[in-house]
1. Looking at segment 25-38, can you tell me whether even one residue there is in a helix (DSSP H, G or I), modelled with pLDDT under 80 and polar (S, T, N, Q)?
2. For the condition exposed (fewer than 10 other Cβ atoms within 10 Å of the Cβ) and either on the phi < 0 side of the Ramachandran plot or at pLDDT below 65 (or both), what is the one hit in 104, 73?
3. Just name the residue that is surrounded by the most Cβ atoms within 10 Å (Cβ to Cβ) out of those in segment 5-24 that are touching a helix residue (DSSP H, G or I) at 6+ places or on another chain (Cβ under 8 Å) and modelled with pLDDT under 85.
4. What's the number of the only condition in (1) modelled with pLDDT of 80 or more; (2) loosely packed, with under 15 Cβ neighbours inside 10 Å; (3) among the small types (Gly, Ala, Ser); (4) within 17 Å of the chain's Cα centre (by Cα) that residue 44 fails to meet?
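The values are calculated or read from the model by the stated rules, or taken from the named source; none is laboratory data. Computed from a prediction, not measured in an experiment: that's the story for all the values here. Because the Cβ atoms are built from the backbone with ideal geometry, glycine has one as well, and the counts that use them run over all protein chains shown.
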Amino acid sequence: MQRIAIAEGAADVALVLGALEAHGFSPIATDRHSGLTLSNWSQAVGGVKIFVPAEKADEAATLLAGLGMPRWRAPGLWVILAFAIAWLMASVPPPGMGNYLTRRPGMDNPAMGDP
């Protein structure tokens, strides 16, 4: 089985599967239920992946392209690097500057008095 498309949302999934089935392919959709239960989960799971048998993958991709549906391509190196940098930046906390448990408003101001 080879992935030929990624669909977002119930309408896209129905269109891609319907087009492939109407032309004699045997598509399989993965992550279909988790992606369609809540529409925003479709982005979280990476969309609904559409697979066809490997020997018919080129023909199915050509069909989808002819119908105006984009062909799936593996992400480029820049996408992987951007994701890695964003993940690293989001997971490393800033240097400690105090928080609401250790610093109270006015602690650095002598006019406010010492608590």
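1. There is at least one residue in segment 25-38 that is in a helix (DSSP H, G or I), modelled with pLDDT under 80 and polar (S, T, N, Q).
2. The unique qualifying residue is 73.
3. Result: 5.
4. For residue 44, the exception is condition (1).
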